[in-house]
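Below is one structure, written out as structure tokens; the observations come after it.
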Amino acid sequence: MHGRGVIGAEVESTQDLIELEKKYFLPVGKRLPVTLVRGDGVSVWDLEGRRYIDFVAGIAAVSLGHCHPAVVEAITRQAAELMHTSNYYYTVPQVKLAELLCQSAKMDKVFFCNSGAEAVEGLIKTARKWGKEKREGAYEIIVAENAFHGRTMATVSAAGTEKYRAPFAPLVEGFVRVPFNDIEAIKKATTAKTAAVLLEPVQGEGGVNIPDDAYLPAVRAWCNEAGILLMLDEVQSGVGRTGKLFAYQHYGIVPDVMAVAKALGGGFPIGAFLTLDHCAVMGQGEHGTTFGGNALACEVGYTVLKYMLDHDIPGEAAKRGQYVERRLHSLADRHPLITEVRGMGLIWAIELGGPLAEQAMNMCLEEGLLINNVKPTALRMIPPLTVTEGEIDGAIEIIDRVLGRLEAQPAK
Ligand SMILES: Cc1ncc(COP(=O)(O)O)c(C=O)c1O
């Protein structure tokens with residue numbers, strides 16, 4: 001470790017950074033012992049010069065691959081022109097992105113923010129205000145077990161996992177939890193106090209849980225019948241990930257309100273929530289942000305979305321997804337450790353017959369693959385949407401070797 005304690009040219013190894021990080025960071029995240037310094041497409045390189053295939057993609061954010069030329073061009077051009085003005089003024093990129101996003105999502109109004117959690121906060125505030133104005137003060141929101149909506153107080157309160165909620169009680173009130181993929185449970189939980197149902201179309205952090213085809217159409221029909229809002233959190237599933245631009249498009253429905261973030265920025269921070277006119281209830285002064293929707297973020301978001309639409313990236317992701325599915329099922333045929341393969345588009349998980357996902361993730365890292373242990377028993381794959389069959393083959397070969405080694409080790 002070098003003496004001056006200031007990050008600069010003297011940081012030569014990951015070990016240097018690990019020590020400095022330990023000294024200065026709140027230890028809220030569990031990091032892997034690798035320092036990434038460069039990315040290109042589906043590859044990243046570490047400080048020591050090793051290349052990795054990236055099947056994490058910044059948690060489904062680096063949608064067009066690392067340092068995509070169109071994204072780099074948009075950032076450098078817009079950064080040299082105008083980055084941030086506050087929302088007191090109009091900017092061209094913001095209005096351009098608003099039009100393209102609303103039209104492609106078939107929604108009426110948008111609010112831009114910086115992250116997924118902020119976008120979901122927008123949904124929660126919309127439900128509260130709408131319930132007050134249009135449903136006699138109804139304020140409860142039905143949410144799903146195993147759901148993940150972010151780390152702010154309201155989104156943590158909406159979480160479907162006890163460990164995210166428990167340390168922060170008392171929580172924001174008004175969330176009613178039901179099992180995911182169970183329409184009868186939603187019907188039973190609906191009362192005069194219910195304002196909305198909030199769901200991820202595909203649960204990402206919960207372990208890549210795909211509902212039955214009939215679930216979301218049935219939830220949509222129930223929300224119509226009960227006169228409550230359907231709010232979808234498309235922060236992870238949206239903007240191409242599932243093989244359509246938005247996951248709800250697989251099911252022939254449209255939500256009343258939705259949240260997006262992650263893939264929209266291609267690696268640059270941006271979030272948004274969108275609503276239909278009938279529930280666009282927030283008025284002047286009732287919501288706001290300093291940085292959200294600034295000219296730089298919106299120019300990047302516009303560039304990413306336009307590129308996706310012009311090059312049918314969701315369609316490409318669907319095709320590559322079918323290839324991933326075939327390769328994972330053939331892995332499962334050969335590896336008794338795999339008990340389930342689940343996913344759609346380019347979000348996949350393999351369920352292992354025991355809590356081996358962390359060990360498997362570490363072994364994949366050593367072999368040159370970034371992959372994530374989304375649950376103690378499951379590995380998740382969320383590569384850039386531009387991944388090629390050759391890159392998928394490279395990742396599968398590594399997983400194949402790692403599972404073989406795990407299967408060969410004596411049972412504990
Ligand atoms: C479905 C979903 N909603 C919300 C979030 C929170 O997004 P952010 O981390 O950008 O706040 C995430 C993050 O993983 C997510 O997967």
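Overview of results
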read-out	value
As computed over the range 173-233, the Cα convex hull volume per residue (Å³)	83 Å³
Vicinal HN-Hα couplings computed from phi for the range 175-180 (Karplus, 6.51 cos²θ - 1.76 cosθ + 1.60; Hz; Gly/Pro x)	9, 10, 9, 9, x, 6
For the chain, accessible area per residue (1.4 Å probe, heavy atoms of protein chains only), Å²	45 Å²
Extension gain, residue 291 back to residue 31 (0.36 nm per residue minus Cα-Cα distance, nm)	90.8 nm
Cβ charges +1 (Lys, Arg) and -1 (Asp, Glu), total dipole of the chain, debye	700 debye
Share antiparallel - DSSP beta bridges, the chain, percent rounded to 5	65 percent
Gained length - residue 400 relative to residue 309, 0.36 nm times residue gap less alpha-carbon distance	29.3 nm
Amide H contacts of residue 113 (H built 1.01 Å from N, under 5 Å, at least 5 apart or other chain)	271, 272, 273, 293
Proximal aspartates and glutamates relative to residue 109, as straight alpha-carbon distance under 19 Å, when same-chain residues fewer than 8 apart are discounted	99, 118, 121, 133, 233, 234, 256, 277, 286, 299
Extension gain from residue 38 to residue 389, taking 0.36 nm per residue of separation minus the Cα-Cα distance	124.1 nm
Percent carbon-and-sulfur accessible area, the range 1-157, ignoring ligands, DNA and RNA, probe 1.4 Å	58 percent
Volume of the Cα convex hull of the chain, divided per residue and given in Å³	162 Å³
Fraction of accessible area attributable to carbon and sulfur, the range 280-412 (%, probe 1.4 Å)	50 percent
Those GluC sites (Glu not before Pro) in the range 77-142 that DSSP places in a loop and that have at most 12 other beta carbons within 10 Å	136
Gyration tensor verdict on the range 129-196 (Cα atoms; rounded if a/c is under 1.5, prolate if a/b is larger than b/c, oblate otherwise)	oblate
Pairwise label distance in nanometres, residue 89 with residue 151, each label 7 Å out on the Cα-Cβ vector	3.3 nm
Check: the range 143-253 dipole with +1 on Lys, Arg Cβ and -1 on Asp, Glu Cβ, in debye	200 debye
Within the range 148-259, percent of DSSP bridges classed antiparallel, to nearest 5	10 percent
FRET efficiency, 1/(1 + (r/R0)^6) with R0 22 Å, evaluated for residue 212 and residue 187 via beta carbons	0.90
Estimated inter-spin distance, residue 82 and residue 172, nm [label 7 Å along Cα→Cβ]	3.2 nm
For the chain, calculated [θ]222 nm from helices alone, where every DSSP H run of n ≥ 4 adds -39500 (n - 2.57)	-12000 deg cm²/dmol
Nearest-20 debye value, the range 1-150 charge dipole, Cβ charges on Lys, Arg, Asp, Glu	460 debye
Distant-in-sequence amide H partners of residue 194 (H built 1.01 Å from N, under 5 Å)	140
Per-selection Kirkwood Rh - the range 276-412 (Cα, Å, 1 d.p.)	17.5 Å
Pairs of Cα atoms farther than 29 Å apart, the range 1-155, %	45 percent
Separation of alpha-carbon centers, the range 30-69 and the range 338-364, rounded to whole Å	20 Å
Cβ-derived FRET efficiency at R0 30 Å, residue 106 paired with residue 133, nearest 0.05	0.80
Loop sites in the range 16-73: trypsin sites (Lys or Arg not before Pro), DSSP, at most 14 other Cβ within 10 Å	30, 31, 50
Pairs beyond 29 Å (Cα-Cα), from 22/375; 125/319; 96/193	125/319; 96/193
Backbone HN-Hα couplings from phi across the range 162-171 [Karplus 6.51/-1.76/1.60, Hz, Gly and Pro as x]	4, 5, 6, 8, 3, x, 10, 4, x, 8
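The values are calculated or read from the model by the stated rules, or taken from the named source; none is laboratory data. All of these numbers come straight from a predicted model, not from anything done at the bench. Here Cβ is always computed from backbone atoms with ideal geometry, including for glycine, and neighbour counts include all displayed protein chains. Surface accessibility is based on the protein's heavy atoms, side chains included, excluding ligands, DNA and RNA. Shrake-Rupley method; radii C 1.70, N 1.55, O 1.52, S 1.80 Å.
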